[in-house]
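What follows draws every value from the coordinates through simple rules; no lab data is involved. Being a predicted model, the structure only gives us computed values, none of them experimental. Neighbour counts are summed over all protein chains in view; Cβ atoms, including those assigned to glycine, are modelled from backbone coordinates with ideal geometry.
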Amino acid sequence: MVAVAGVDLRGSERKPSGIAILHDKGLYINRLYSDEEILRRLLEFNVKIVAVDSPLAHSSSFRHVDKTMIKLGLRVLPPGWRGMRMLVERGIRLASSLSSIGILVLETHPRSALKTSRCSNLGELASKMGVPQPEGLSRDEEDALIAAFVSLKFLQGEVVEVEGIDGRIFLLPPVC
């Protein structure tokens, strides 16, 4: 099995980001702080695809792709909002580092991906994906696991893609 991952990125390295890796021996899930820690862990598992919960392009307001998501009934925040700018900067930096070493980076939005999966919660989604859901996950770890499922479905050629002139957001197909 090709290792795939999901990262629920936080804007600051002082707050933990969720990371989930699906690999041949199962699931690794944790909360890490620095980009270096995230990168090291992805390399340790030889991850080939990672879905990141962060806008990966600047915009002063909503991007075209964000407006498309909203038209589909999916709630996203614009990259230009003051509280989002630091996250966007970090997401772009991390994506650049990952791409430079051959890891494919996808932009995702885990809560929207859960909605498009038609599953009522993460437990149901995990069951449909054949992964037992670990107990006691933080919201960051839950979102990272959903993002990892997006990477897996991308690998399987079954991902849903929402495209705009300024970006693409990858979501889950209906699985429930």
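Amide H contacts of V52: V7, L106, E107, T108, each under 5 Å away and 5 or more positions distant or on a separate chain (H built 1.01 Å from N in the peptide plane; Pro and chain starts excluded).
Under 21 Å of direct C-alpha separation, and excluding same-chain neighbours fewer than eight residues apart, K25 reaches these lysines: K48, K128, K153. With each label modelled as a point 7 angstrom along the Cα→C-beta vector, the R82-N121 pair spans 3.7 nm. Using Cβ point charges alone (K and R +1, D and E -1), the dipole size of the stretch 4-171 about the Cα centre works out to roughly 420 debye. Per-residue ellipticity at 222 nm, computed for the chain from helices alone with -39500 (n - 2.57) per DSSP H run of at least four residues, works out to -12000 deg cm²/dmol. Modelled spin-label separation between I70 and E163, with each label point placed 7 Å from Cα along the Cα-to-Cβ direction: 2.3 nm.
Around the Cα centre of the stretch 47-99, unit charges on the Cβ atoms of Lys, Arg, Asp and Glu (plus for the first two, minus for the last two) sum to a dipole of about 60 debye.
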